[in-house]
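Below is one structure, written out as structure tokens, with a few remarks after it.
The values are calculated or read from the model by the stated rules, or taken from the named source; none is laboratory data. Nothing here was measured: the structure is a model prediction, and the numbers come from that model. Cβ atoms come from the backbone with ideal geometry, glycine included; neighbour counts cover every protein chain shown.
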Amino acid sequence: MNNFPNTCGYYILFDEEGNFIYVGKASNLKDIISIHLSKNEINPKIKNFAKYVIYEKTHNINDSEIIEDEIFDDWVRNTGNYPFANRIKPPKSKLTNSEINNIEIKKIVKGILKKKNLF
């Protein structure tokens with residue numbers, strides 16, 4: 001678990017078969033991912049099913065929130081369901097799309113999800 005960065009970003013959790021189960025954001029990826037993958041995780045769906053994670057660092061937490069929300073919304077639009085382990089819809093970011101500093105990250109995420117056949 002020491003290989004996760006101490007920076008902000010978003011992350012996606014997968015079950016043992018590689019199915020997308022959760023999307024989240026963090027101001028410190030190392031801290032939150034370490035908790036999710038430990039016995040101290042309080043969300044039973046994450047605790048019992050999360051086996052793999054992909055993450056991407058962002059410039060700031062606002063970018064992380066925007067990307068998290070977009071991944072969540074794209075998933076719901078394409079499947080009609082919330083991701084398995086997300087309890088509720090993540091809050092909308094206070095920024096508008098025109099204020100995103102790093103639009104390329106969104107393209108990267110969509111590419112990652114398409115490669116994993118999530119869409």
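Listed values, structure above:
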item: Qualifying residues in segment 55-81 (those that are part of a loop (DSSP other than H, G, I, E, B) and not β-branched (Val, Ile, Thr)) - the one surrounded by the fewest Cβ atoms within 10 Å (Cβ to Cβ); result: Gly80
item: Any chance Lys47 is touching a Gly at 6+ places or on another chain (Cβ under 9 Å), surrounded by fewer than 20 Cβ atoms within 10 Å (Cβ to Cβ) and at pLDDT 90 or above; result: no
item: Residue within segment 4-27 that is outside any strand (DSSP E or B), out of contact with any Phe, Trp or Tyr (no Cβ under 8 Å at 6 or more places or on another chain) and buried (at least 16 other Cβ atoms within 10 Å of the Cβ) present; result: yes
item: Scope segment 82-108; condition at pLDDT 85 or above and either assigned to a helix (DSSP H, G or I) or out of contact with any strand residue (DSSP E or B) (no Cβ under 6 Å at 6 or more places or on another chain) (or both); matching residues; result: Tyr82
item: Meets criteria (touching a residue at least 24 places away in the same chain (Cβ under 8 Å) and surrounded by 18 or more Cβ atoms within 10 Å (Cβ to Cβ)) for Tyr52; result: no
item: Hits in segment 9-47 (condition: among the aliphatic types (A, V, I, L, M) and in contact (Cβ under 8 Å) with a residue 40 or more places away in the chain); result: Ile12, Leu13, Ile21, Val23
item: Search result, residues across segment 28-38 that are out of contact with any Ser or Thr (no Cβ under 7 Å at 6 or more places or on another chain) and either buried (at least 17 other Cβ atoms within 10 Å of the Cβ) or assigned to a helix (DSSP H, G or I) (or both); result: Lys30, Asp31, Ile32, Ile33, Ser34, Ile35, His36, Leu37
item: Cross-chain or 6+ apart pairs with Cβ under 9 Å, segment 78-91 first and within 18 Å of Asn43 (Cα to Cα), then in a loop (DSSP other than H, G, I, E, B) and modelled with pLDDT under 85; result: Tyr82/Ile88; Tyr82/Lys89
